[in-house]
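Taken together, the values in this text are just the output of simple stated rules run on the coordinates, not laboratory data. The structure displayed is predicted, hence computed values, not measured ones. Counting neighbours? That spans all protein chains shown, and the Cβs are built from the backbone with ideal geometry, glycine included.
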Amino acid sequence: MAISTADFKNGMCIEYNGKLCTIVEFQHVKPGKGGAFVRTKLKDIKTGRVIDNTFNAGVKVESVRLESKKLQYLYNDGADFNFMDNDTYEQTAIPADVVGDASQWLKENDEATLLYAGDELISIEPQMFVELEVTHTEPGFKGDTATNTTKPATLETGVELQVPTFVEIGDILQIDTRDGRFIKRV
């Protein structure tokens, strides 16, 4: 469906140069001389890269309807990640290369949001905060608690991140999946 630049809204998905992009920010500009234009920041859905672009006022672009589905992550069989729709109990196998970086935050039985444009899977977003168990870390040294020192820790999904020195093997940690940051010990 073609839309005009006058119909732009933040969060809207459009097709631009053959890529699916969401409008992060836009601004209609009417200079004193010359034609009006729309200055935008577009985020490429697949790569996450944000680009600045300027459209002439009234230009038509293709709007893309996005649909999100909440599915439960079941297991990884080595090649595919298997998800289940909790309403229909239908299972979907998604190749590991499509899941990408989201795999480091997926734990069995957790929910994830799958974003579709038509029939094409665009992205997989894990929950914003996940709780994962520490499987390996070096012991902290006595007296290091006064400063903000950190040490590497490996979590049950295999991801390694920096944690405070008081964290030990077996601790359950809350992690922010947007930037892979330690939030708290649960």
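If one computes the Cα centroid of region 157-179 and of region 80-108, what distance in Å separates the two points? What the calculation gives is 22 Å, centre to centre. Protection proxy ranking, highest mean first, for peptides 159-170, 7-18, 25-36, 85-96: 159-170, 7-18, 85-96, 25-36, where packing is the per-residue count of other beta-carbon atoms within 10 Å, averaged. A dipole drawn for the chain from +1 and -1 charges on Cβ atoms has a positive end, and of VAL38, GLN104, PRO152 the residue lying farthest that way is VAL38. In a simple Cβ point-charge model (Lys, Arg +1; Asp, Glu -1; nothing else charged), the chain has a dipole of about 1380 debye relative to its Cα centre. Assuming charge only on the beta carbon of Lys and Arg (+1) and of Asp and Glu (-1), the dipole of region 1-110 about its Cα centre is about 1000 debye to the nearest 20. From the cross-link list LYS70/LYS184; LYS43/LYS69; LYS46/LYS151; LYS107/LYS184, which pairs have alpha carbons spaced over 29 Å apart? Table pairs above 29 Å Cα-Cα are LYS46/LYS151.
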